[in-house]
Amino acid sequence: MKISKKVDQMQPSGIRAFFDLVLGMKDVISLGVGEPDFVTPWAIREAGIYSLEQGFTSYTSNKGLYKLRLGLHRYLKSKYDLDYSPDDEILITVGVSEGLDLVLRTLINPGDKIIIPEPCYVSYGPVTELAGGSAVYIDTTKDNFKLTPEKLEKAIDKKTKGIILNYPTNPTGVSYRKKELEALSKVILKHNLICISDEVYGDLTYDFEHTPFPTLPGSKKNTVYFNGFSKSFAMTGWRVGFACGPKDIIAGMTKIHQYTIMCVPITSQMAAAEALVSGKKPVEEMKREYRRRRELVVDELNQIGLVCNKPQGAFYVFPSIKKTGLQSLEFSQKLLKEEKVAVVPGTAFGQCAEGYIRISYASSLENLKEALRRISNFLNKS
Amino acid sequence: MEEILEILEKDGRATPEEIAKMLKKKPQEIKSAIKKYEKEGVILKYKAVVNRDLVRNEDAGLRALIEVNIIPQKDAGFDKIAERIYSFPEVSSCYLISGTYDLLVIVEGKNIHTVSSFVAEKLSCLENVRGTTTHFLLKKYKEDGVILKHKEENKRIAISY
């Protein structure tokens with residue numbers, strides 16, 4: 001049976017085979033994991049269990065439980081002074097991933113262009129194309145992995161509809177200060193673009209305060225803000241995210257969502273509502289732990305000769321492996337085979353990231369120390 | 001510097017050099033902070049948390065929690081009699097608590113006989129001890145913040161975006 005041209009032409013991830021290799025091997029120390037190594041804090045898990053005991057097993061409103069939307073309204077208001085109405089400006093989604101798909105399908109007319117700074121999370125390009133848009137990538141490798149206003153300005157033309165920003169960034173851990181964001185927002189406003197802002201790692205910002213894009217002057221009306229519970233509350237498997245934005249866009253997204261997803265599982269929503277109530281302390285603890293690991297990992301990597309900047313957020317470092325003379329995929333394969341350490345080749349996140357690898361420090365200190373020892377071993381051999 | 005304690009409570013074997021890196025301090029600063037904690041008794045000792053259930057030998061031992069009612073002594077209150085009790089090597093922990101009894105004494109013994117003879121022949125005979133209630137520990141689920149289970153398998157998939 002022939003599948004659709006659109007899907008047929010979607011780029012399969014070039015490193016699928018490498019992933020399979022990792023999954024098939026035993027006793028590997030993996031620094032290739034894109035999720036927290038913490039288990040969801042107990043109070044949140046308990047809320048999920050309790051909701052089942054109470055018999056909450058039905059559908060919820062398409063937009064999500066009102067209790068959760070109200071909780072998010074309050075959370076964003078008190079944390080960032082960001083005011084989204086729980087009635088029609090917040091939509092609960094199956095992780096940020098679903099939200100991104102919804103927003104792109106809601107906004108894109110055939111041929112519209114979406115700007116995506118690279119290296120970037122793997123889904124942005126394919127989901128844009130699937131929605132009928134075309135992805136325009138901006139290489140940020142020469143600017144410390146940050147999008148500059150100049151390069152953004154240059155990439156914009158009449159067909160440009162919007163931009164996907166992601167900060168702190170997966171895979172580089174890079175984030176932006178308020179000033180830098182303001183400069184970007186000026187360009188975005190000038191050209192009347194939509195900013196699709198994936199801030200799922202926002203709570204994991206270490207060196208300065210995280211600034212949500214819609215809090216920038218004049219930016220709320222043309223921003224759709226995405227966040228979720230996965231990274232900050234260690235809830236990846238629960239699949240709960242949310243989108244906040246202008247009424248008309250949220251209404252459009254809700255239409256697609258009601259036909260395709262209906263609603264996010266109620267158990268997950270109940271647990272997420274609890275996370276907003278009691279999750280603050282465990283989140284702070286996790287954040288402190290990540291920050292300590294970051295210091296150790298960055299320091300050690302630079303010492304053993306894998307040069308990297310200190311990332312400001314998330315739980316990734318993105319060191320250069322250029323001095324080894326190996327390509328990203330080759331390096332990762334050899335490291336896996338010879339030292340049983342798994343990392344993700346930079347090229348998974350864009351061709352421009354050749355010569356880099358992504359290391360996740362969402363792994364116990366014990367594992368990190370051992371892995372770094374092995375990487376050092378590996379570098380000394382080659 | 002409280003974060004040093006947070007790190008050491010999780011991993012008593014973390015070296016000053018590692019801690020220094022994690023907290024962006026000089027190793028010497030960490031070393032002297034730890035020394036200070038040790039001197040002040042904030043850090044009392046470093047030990048392994050052992051899951052005795054997995055050590056299947058006869059010396060694995062038995063633990064009992066004993067509620068002790070005491071008559072406080074003139075001048076010294078509870079402290080003097082508490083000292084007489086906690087000085088026994090069989091006593092591993094001793095707490096003064098509020099409620100229906102006064103001291104909670106945790107005793108470790110080789111088997112039920114050693115524990116009961118300690119209670120009957122030593123503890124109950126002390127003149128200020130009014131009465132005791134002994135609870136033998138049947139199973140340990142969690143100790144010192146550590147859940148006692150077989151090493152958990154990794155539940156995350158080994159690689160993901």
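Run the helix sum for chain B: -39,500 (n - 2.57) per DSSP H stretch of 4+ residues, divided by residue count, reported at 222 nm to the nearest 500 deg cm²/dmol.
When only DSSP H runs of four or more count, the value is -8500 deg cm²/dmol.
Once both labels are modelled 7 Å past Cα along the beta-carbon direction, what's the A:GLU150-B:THR133 spacing in nm?
7.8 nm
If you find the alpha carbon centre of the range B:82-102 and of the range B:1-79, how far apart are they in angstrom?
19 Å
Please tell me the relative contact order of chain A in percent, rounded to the nearest whole number, where contacts are Cα pairs under 8 Å and at least six residues apart.
Over chain A, the number comes to 24 percent.
List the residues whose amide H sits under 5 Å from the amide H of A:PHE242, counting only those 5 or more places along or on another chain, with H placed 1.01 Å from N in the peptide plane.
Amide H neighbours of A:PHE242, under 5 Å, 5+ apart: A:THR93, A:ASN227, A:GLY228.
Under the rule a/c < 1.5 gives rounded, and otherwise a/b versus b/c splits prolate from oblate, where does the range A:255-312 land using the Cα gyration tensor?
oblate
Could you compute the FRET efficiency for A:LYS323 and A:LYS6, with r as their C-beta to C-beta distance and R0 at 35 Å, rounded to 0.05?
Computed FRET efficiency for A:LYS323 and A:LYS6: 0.30.
From the backbone phi of the range B:72-83, what are the Karplus-calculated ³J(HN,Hα) couplings (6.51 cos²θ - 1.76 cosθ + 1.60, θ = phi - 60°) in whole Hz, Gly and Pro given as x?
Using θ = phi - 60°, the values come out as x, 8, 4, 6, 9, x, 7, 4, 5, 6, 4, 4 Hz.
Pop out the ³J(HN,Hα) list for the range B:116-127 in order, Karplus 6.51 cos²θ - 1.76 cosθ + 1.60 with θ = phi - 60°, rounded to Hz; leave Gly and Pro as x.
The phi angles translate into 5, 6, 4, 5, 6, 9, 10, 5, 5, 7, 5, 5 Hz.
Please list, in order along the range B:128-141, the HN-Hα scalar couplings obtained from phi with the Karplus expression 6.51 cos²θ - 1.76 cosθ + 1.60 (θ = phi - 60°), rounded to whole Hz, x for Gly and Pro.
Working through the residues one at a time gives 8, 8, 8, x, 9, 10, 9, 10, 7, 7, 8, 8, 9, 9 Hz.
For the protein assembly as shown, what percent of Cα pairs sit more than 34 Å apart?
For the protein assembly as shown, the share of Cα pairs beyond 34 Å comes to 50 percent.
Starting from the amide H of A:THR160, placed 1.01 Å from N in the peptide plane, find each other amide H under 5 Å away whose residue is 5 or more places distant or on another chain.
Under 5 Å from the amide H of A:THR160: A:LYS113.
Suppose the chain between A:LYS255 and A:ASP207 were pulled fully straight at 0.36 nm per residue; how much longer would it get relative to their current alpha carbon spacing?
The A:LYS255-A:ASP207 span can extend by a further 13.4 nm.
Roughly what would the spin-label model give for B:SER87 and B:LEU5, points 7 Å off Cα along C-beta, in nm?
3.0 nm
Once you have the Cα-Cα distance between A:ASN62 and A:GLU180, take 0.36 nm times their residue separation minus that, and quote the gain in nm to one decimal.
Net length gain for the segment: 38.9 nm.
Run the quick spin-label model on B:LYS35 and A:ARG288: label points 7 Å from Cα toward the beta carbon, then report their separation in nm to one decimal.
2.5 nm
Using only alpha carbon pairs under 8 Å that are at least six residues apart, calculate the relative contact order of the range B:51-161 and give it in whole percent.
Value for the range B:51-161: 33 percent.
With both partners inside the protein assembly as shown, how many of the DSSP beta bridges are antiparallel, as a percent to the nearest 5?
65 percent
B:SER117 to B:LEU65: FRET efficiency via 1/(1 + (r/R0)^6), r the Cβ-Cβ distance, R0 22 Å, to the nearest 0.05?
The computed FRET efficiency comes out at 0.80.
Return the long-range amide H neighbours of A:ILE138 (sequence gap of 5 or more, or a different chain), with a cut-off of under 5 Å between placed amide H atoms.
HN-HN under 5 Å from A:ILE138: A:ILE116, A:GLU118.
Does the range A:316-364 classify as rounded, prolate or oblate by the C-alpha gyration tensor (a ≥ b ≥ c root eigenvalues; a/c under 1.5 gives rounded; else a/b over b/c gives prolate, otherwise oblate)?
oblate
Can you tell me the alpha carbon radius of gyration of the range A:112-158 divided by the globular rule-of-thumb value 2.2 N^0.38 Å?
The reported ratio for this selection is 1.15.
For chain A, what does -39500 (n - 2.57) per DSSP helix run (n ≥ 4), summed and divided by total residues, give at 222 nm, in deg cm²/dmol to the nearest 500?
Calculated from helices alone, the mean residue ellipticity at 222 nm is -13000 deg cm²/dmol.
For the range A:52-82, which chymotrypsin sites (Phe, Trp or Tyr not before Pro) are in a loop by DSSP, counting at most 11 other Cβ atoms within 10 Å?
A:TYR59
Taking a ≥ b ≥ c as the square roots of the Cα gyration tensor eigenvalues, with a/c under 1.5 meaning rounded and otherwise prolate when a/b beats b/c, else oblate, which class fits chain B?
Oblate shape, in that a/c is at least 1.5 and b/c is the bigger or equal ratio.
No value in this document is a laboratory result; all are computed from the given coordinates. Note that the structure is predicted; figures quoted are calculated from it, not measured. Glycine gets a Cβ as well: all are built from the backbone with ideal geometry, and neighbour counts include every protein chain shown.
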